[in-house]
Structure formats: structure tokens, C-alpha cells
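**Student:** Got a structure for you, written out below as C-alpha cells; questions coming shortly.
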Amino acid sequence: MGMKWFGRVVLLLYAVIIAAPLYFVFISSFKSTQHFFASPLGWPKPFTVSNFTSMFKGQTIIKYFWNSVEVTLGTVLIELLLGSLIAYAIFRLGGRLATILFALFLAGLIVPSQVNMLPIYSLTHKLGWSDSLYGLILVSVAMLMPLTVFMLKGFMQVLSKEILEAGSIDGAGEWTLYSRIAVPLSAPSLAATATFLFVMVWNDLLIPMLLINSKSKLTLPLAMLQFRGEYVTDYPMLLTGVVITAAPMVVLFLFLQRYFVAGVMAGSLKG
């Protein structure tokens with residue numbers, strides 16, 4: 001009984017630790033700058049939406065929003081297609097060659113992304129991909145591919161080889177086995193991977209900061225830096241931008257929560 005209550009207390013403390021920053025960010029977005037500094041943790045008095053109206057004034061934030069949508073959706077879709085094909089190929093290949101191929105992708109997880117910044121900048125500049133949303137998508141795909149293959153390879157292990165072998169006996173080719181059997185059976189796992197990738201790409205600041213120079217091509221996280229000055233930071237506007245940036249991720253998780261949990265469980269139950 002004592003351990004049960006101890007566990008509840010630990011979970012309650014964890015919930016408070018998670019909820020406190022969310023509360024701070026949310027209430028601060030409805031405060032004026034003067035009231036924010038006067039009462040950082042207090043309830044907004046008066047309650048104002050001027051930060052949101054100012055943010056959308058001139059529709060600049062909408063441009064940044066669609067830039068983020070374009071980069072995120074493009075990256076996630078390409079990642080899922082290529083990553084699932086590679087993971088399926090490694091799963092079907094088996095043996096020493098598959099182990100070597102998988103190890104090569106795992107090697108990409110060892111090197112921190114910050115170490116690759118100079119080579120990436122030099123390569124994208126030579127290829128003419130710098131200051132381009134399409135270049136940003138391709139670079140993001142390349143940098144996230146090791147992680148995607150690692151995740152989907154584990155999820156592919158839950159596929160029944162007997163079903164694939166039965167399809168082969170019936171005359172189905174590898175593309176048919178992949179598209180008609182492997183992908184539908186892996187749908188929860190793909191949704192879980194897509195959710196994870198969406199959060200990573202949507203919140204990414206490092207790669208857009210490295211590649212994007214034009215103001216019209218800024219993504220939302222990069223655009224939030226505009227509210228930081230050398231001497232003064234407009235915290236209410238900055239936190240309002242955080243709320244706007246986080247909203248799509250919350251909505252996405254609410255819609256895909258069932259698939260996310262099912263995908264994670266599918267990848268963890270393979271013994």
C-alpha cells in the first residue's frame with residue numbers, strides 16, 4: 001500500500017513539473033509586457049489577446065507557418081517512404097549483409113549533428129540548395145534517415161514472415177508485398193514514426209538557422225528569434241509564438257494518439 005501511494009506522489013510531482021512551464025507559457029501569451037514583468041506567474045489582468053492580433057497582423061506569421069508546414073510535411077513524407085523501403089529491404093534481406101547495412105545506418109546516429117554543420121553548409125552551398133526550402137527538406141531527410149530506419153526496422157520485425165512467404169508463393173513481387181501487405185500491417189508503426197518526426201522537424205532550429213537567410217523563407221522556430229533583441233526581449237510576444245508553434249503538434253497528437261500508442265507497443269512486444 002505504501003509503494004502504491006509513493007508511486008502516486010511521484011506521478012503527481014512529475015505532472016506538476018510538466019504542467020508548470022505550460023501554465024507559464026499559456027498565461028504569459030495573454031499578458032501585456034508591463035504586466036508580464038510586474039507579475040510573471042500571476043493570472044493576466046487584464047486578459048488581452050493583443051499579442052495574437054499583433055502576431056497575425058500583416059499575415060507575416062501565416063507565411064512562416066506555411067513554410068514550416070511545407071518543410072515538415074515534405075520531410076516526413078519522404079522520410080516515411082524511403083525509410084520504410086530501406087527498413088523493409090533490410091528485414092527481407094536478412095543475414096550478414098542486412099546486419100552490415102543496418103550497422104551503417106546506426107553509425108549515422110553516433111555522430112552529433114552539430115559536427116556535420118560545416119560539411120553540410122559547404123555541400124548545400126555548392127549544390128545551390130542554400131536559402132531554399134527544398135534544400136532544407138532534402139538536408140533534413142538525410143540527417144533524420146538513420147533514426148527513421150532504426151525505428152522502422154524495429155517495427156518491421158513484428159511482420160509475419162509466413163504472410164509474406166504466402167504472398168510470394170501466390171506470385172506477388174516484392175513491391176506488391178511491400179505496398180499491399182507490409183505497409184498496411186505497419187500503419188500504426190508508421191503513424192508513431194510520423195508523429196515523432198513531425199515534432200522533430202517542426203521544432204528544428206539548428207538546420208533552418210544554418211541554411212535559411214531570406215526573411216520570407218523563415219520557419220516558425222526561426223521566426224521566433226525576431227522577438228529577441230540585443231538588450232530587450234519581448235517575452236509575451238515570444239511566448240505567444242511558442243503557443244502558436246505548439247498548437248499543431250498538440251492537435252496532431254490528439255488525432256494520432258491511438259496509432260502512436262499502438263505503434264510503440266507493437267515495436268516493444270517483439271520478443
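The values are calculated or read from the model by the stated rules, or taken from the named source; none is laboratory data. Treat the numbers as computed from the prediction; the structure is a model and nothing was measured. Neighbour counts are summed over all protein chains in view; Cβ atoms, including those assigned to glycine, are modelled from backbone coordinates with ideal geometry. The protein model used for the area step is the full one, side chains on, heavy atoms only, and it has no ligands, DNA or RNA in it. Shrake-Rupley method; radii C 1.70, N 1.55, O 1.52, S 1.80 Å.
**Student:** Just to be sure I understand, how many residues within region 121-153 are part of a helix (DSSP H, G or I) and open to solvent by 30 Å² or more (accessible area, probe 1.4 Å)? Steps first, answer last, please.
**Tutor:** Initially, region 121-153 is screened for residues part of a helix (DSSP H, G or I), giving 121-127, 133-153.
The next check asks that each one be open to solvent by 30 Å² or more (accessible area, probe 1.4 Å); those that pass are 121-123, 125-127, 134, 138, 142-143, 147, 150-151, 153.
Residues that pass the stated criteria total 14.
**Student:** Give all pairs with beta carbons closer than 9 Å in which a residue from region 198-223 that is without any contact (Cβ under 8 Å) to a residue 12 or more places away in the chain meets a residue that is surrounded by fewer than 15 Cβ atoms within 10 Å (Cβ to Cβ) and not basic (K, R); count only pairs at least 6 apart in sequence or on separate chains.
**Tutor:** none
**Student:** Scan A187, A166, A192 and give me the residue that is open to solvent by less than 30 Å² (accessible area, probe 1.4 Å) and of a type outside the set (V, I, T).
**Tutor:** Every option except A192 fails the conditions.
**Student:** Which of the residues spanning region 129-167 are among the small types (G, A, S) and touching a residue at least 60 places away in the same chain (Cβ under 8 Å)?
**Tutor:** Within region 129-167, S130, S132, G135, S140, G154 qualify.
For (1) open to solvent by 50 Å² or more (accessible area, probe 1.4 Å); (2) over 28 Å from Q157 (Cβ atoms); (3) within 26 Å of the chain's Cα centre (by Cα), each residue gets a yes or a no:
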{"residue": "S29", "(1), (2), (3)": "no, yes, yes"}
{"residue": "P44", "(1), (2), (3)": "no, yes, no"}
{"residue": "F52", "(1), (2), (3)": "no, yes, yes"}
{"residue": "L97", "(1), (2), (3)": "yes, no, no"}
{"residue": "N116", "(1), (2), (3)": "yes, yes, yes"}
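**Student:** Here's another thing I want to ask about it. Need at least 1 residues that are in contact with a Leu (Cβ under 7 Å, 6 or more places away or on another chain) per element, so show me which helices (runs of 4 or more DSSP H) inside region 1-118 make the cut, counting only ones lying wholly within it. Working first, answer last.
**Tutor:** Working: elements: 2-28, 33-38, 50-56, 60-93, 95-110.
Those helices (runs of 4 or more DSSP H) span 2-28, 60-93, 95-110.
**Student:** Among residues belonging to region 54-69 that are under 14 Å from V242 (Cα atoms) and open to solvent by less than 30 Å² (accessible area, probe 1.4 Å), point out the one that is modelled with the highest pLDDT.
**Tutor:** Here the answer is S68.
A quick yes/no check of all residues on (1) touching a residue at least 60 places away in the same chain (Cβ under 8 Å); (2) closer than 24 Å to A194 by Cα; (3) of a type in the set (S, T, N, Q):
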residue: T53; (1), (2), (3): no, no, yes
residue: K57; (1), (2), (3): no, no, no
residue: I62; (1), (2), (3): no, yes, no
residue: T75; (1), (2), (3): yes, yes, yes
residue: L80; (1), (2), (3): yes, yes, no
residue: F105; (1), (2), (3): no, yes, no
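**Student:** Would you pick out the residues in region 1-22 that are within 15 Å of L239 (Cα to Cα) and open to solvent by less than 100 Å² (accessible area, probe 1.4 Å)? I'd like the intermediate steps shown before the answer.
**Tutor:** In the first step, residues of region 1-22 are kept if they are within 15 Å of L239 (Cα to Cα); the result is 20-22.
Once the filter is applied, which keeps residues that are within 15 Å of L239 (Cα to Cα) and open to solvent by less than 100 Å² (accessible area, probe 1.4 Å), region 1-22 yields A20, P21.
**Student:** Can you find a residue that is in contact with a helix residue (DSSP H, G or I) (Cβ under 9 Å, 6 or more places away or on another chain) and under 25 Å from L211 (Cβ atoms) anywhere in region 87-99?
**Tutor:** Looking for residues that are in contact with a helix residue (DSSP H, G or I) (Cβ under 9 Å, 6 or more places away or on another chain) and under 25 Å from L211 (Cβ atoms), one finds none in region 87-99, hence no.
**Student:** Same structure again: Which of (1) without any contact (Cβ under 8 Å) to a residue 12 or more places away in the chain; (2) surrounded by fewer than 16 Cβ atoms within 10 Å (Cβ to Cβ) is the odd one out, the single condition A172 does not satisfy?
**Tutor:** Unmet for A172, out of (1) without any contact (Cβ under 8 Å) to a residue 12 or more places away in the chain; (2) surrounded by fewer than 16 Cβ atoms within 10 Å (Cβ to Cβ): (2).
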